[in-house]
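What follows is a single structure, written as structure tokens, with notes after it.
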Amino acid sequence: MTDERRQFREGIRMMAAERFAVGVPSSAIARELRVSVRSVQRWRRAWDRGGPRALRSAGSASLPRLSDARFAVPEAELAKGPVAHGWADQRWTPARIKTVIGRRFHKSYTLQGVRKLLIRHGFSRQVPARRAVEHDEEAICGWVKETWPQAEAPRRRSGPG
């Protein structure tokens, strides 16, 4: 979760704390703040035990495994290309990037973690800039109009069977 989002959610909890002090029922607070009643009840229990301080954000659950400064190293490795790391083609996949990070930093990421790391640093899924030389748009359109309808058999038989 981003710091902005964490602060926003803490603000909602603080608004709920103001209403707890006045004695507003949980259901009314939930409706007004557009949150679940169960969340409000959980916040109220924390507020009863520790006051508004108990509703403060505890911060990130964990620090990122690769800081922004350390991400410069895998970024440089990615710029070298997959061939430099032993793969036969010029395609970076999340699995390959995971392997490079593991080799370089001895840190284990999941594929989703790699994807989030790349997105956080401005990378995006990209499509090749050029089409293959063999690409023939007319042949593709002809196949879709003529061959595909013949290959696609009806899924149900019509009429009595």
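The values are calculated or read from the model by the stated rules, or taken from the named source; none is laboratory data. Given the structure is predicted, the values throughout are model-derived calculations rather than measurements. Every residue, glycine as well, gets a Cβ built from its backbone with ideal geometry; the counts of neighbours run over all protein chains shown.
Considering only the range 64-72, I want to know if a residue exists there that is over 22 Å from R125 (Cβ atoms), of a type outside the set (S, T, Y) and either without any contact (Cβ under 8 Å) to a residue 12 or more places away in the chain or in a helix (DSSP H, G or I) (or both). Yes, the conditions are met somewhere in the range 64-72. Restricting attention to the range 122-143, the residues that are more than 35 Å from the chain's Cα centre (by Cα) and surrounded by 10 or more Cβ atoms within 10 Å (Cβ to Cβ) add up to 5. Quick one: is R130 part of a loop (DSSP other than H, G, I, E, B), over 30 Å from E10 (Cβ atoms) and at pLDDT below 80? Answer is yes for this residue.
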